[in-house]
Amino acid sequence: MIVTHDITIDLQNRKGVPRVDATQDDRYTRDIAITLMSGAEPWEFPSDAVTVIRYSKSDGVGGVYDTMPDGTAAWHAEGNVLTLALAPQVLTVPGAVMLSATVSRGEEILHIFSVAIQVLPKVAANEETIRIVDEAIAYIKSF
């Protein structure tokens, strides 16, 4: 099951950084659907634009991605909604994670915006439980 966090970002009037909660080691289960507005009007995602996702975790480790480890796209745009998938490495450490998305077209950067993720510590689970869950997710995704 994918948990989708719905947020709205006004690209003309950014008041604070939106925040979502996730749980440590939630793998392939979290998306953020961002409704993009430009003032009172929807900001339509250009068909030739791409998105790169960057993150910085509370342990000082960060990274950049546009695909998931399994090769699937980490983002999808339709109309004025940009959906970002949270890669497993984003949720490995409890604490604050800053996630930013850069929307560009060729060499032109159209927008950069951020989302704060509060990663809550996982419930005590041993490595066997994590392996079983990972196998179940892989099985479900094979359909």
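Odds and ends about this structure:
- Residues that are assigned to a strand (DSSP E or B) and surrounded by fewer than 18 Cβ atoms within 10 Å (Cβ to Cβ), drawn from the range 79-100: V81, G95, A96, M98, S100
- Within the range 40-67, being in contact with a strand residue (DSSP E or B) (Cβ under 7 Å, 6 or more places away or on another chain), in a loop (DSSP other than H, G, I, E, B) and touching a residue at least 24 places away in the same chain (Cβ under 8 Å) holds for W43, F45, P46, D48, A49, K57, S58.
- Answer residue from the range 1-28, given it is under 11 Å from the mean Cα position of the chain (by Cα) and open to solvent by less than 30 Å² (accessible area, probe 1.4 Å) and is nearest to V81 (Cα to Cα) among those: V20
- Search result, residues across the range 13-33 that are modelled with pLDDT of 90 or more and over 24 Å from K141 (Cα atoms): V17, P18, R19, V20
- The one condition in (1) of a type outside the set (D, E); (2) within 14 Å of A49 (Cα to Cα); (3) not in a strand (DSSP E or B) that V103 fails to fulfil: (3)
Residue by residue, here is whether (1) over 29 Å from T129 (Cα atoms); (2) out of contact with any Gly (no Cβ under 7 Å at 6 or more places or on another chain) holds:
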{"site": "P18", "(1), (2)": "yes, yes"}
{"site": "A22", "(1), (2)": "no, yes"}
{"site": "R30", "(1), (2)": "no, yes"}
{"site": "I34", "(1), (2)": "yes, yes"}
{"site": "E44", "(1), (2)": "yes, no"}
{"site": "V50", "(1), (2)": "yes, yes"}
{"site": "S58", "(1), (2)": "no, no"}
{"site": "V61", "(1), (2)": "no, yes"}
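- Qualifying residue in the range 132-143 (condition: of a type in the set (K, R), open to solvent by 60 Å² or more (accessible area, probe 1.4 Å), more than 26 Å from D6 (Cβ to Cβ) and part of a helix (DSSP H, G or I)): no
- In this structure, A40 does not qualify as surrounded by fewer than 16 Cβ atoms within 10 Å (Cβ to Cβ) and at pLDDT 95 or above.
- Residue that is nearest to T35 (Cα to Cα) [pool: residues in the range 53-72 that are at pLDDT 95 or above, surrounded by 13 or more Cβ atoms within 10 Å (Cβ to Cβ) and of a type in the set (G, A, S)]: S56
- For the range 52-72, the set of residues classified as under 20 Å from I109 (Cβ atoms) and aliphatic (A, V, I, L, M) consists of V52, I53, V64, listed by residue number.
The values are calculated or read from the model by the stated rules, or taken from the named source; none is laboratory data. Keep in mind that this is a model prediction, so the values were computed, not measured. Methodologically, a virtual Cβ is constructed for each residue, glycine included, from the backbone with ideal geometry; neighbour enumeration extends over all protein chains shown. When the accessible area is computed, the model is the full protein with side chains, heavy atoms only, and any ligands, DNA or RNA have been set aside. Shrake-Rupley method; radii C 1.70, N 1.55, O 1.52, S 1.80 Å.
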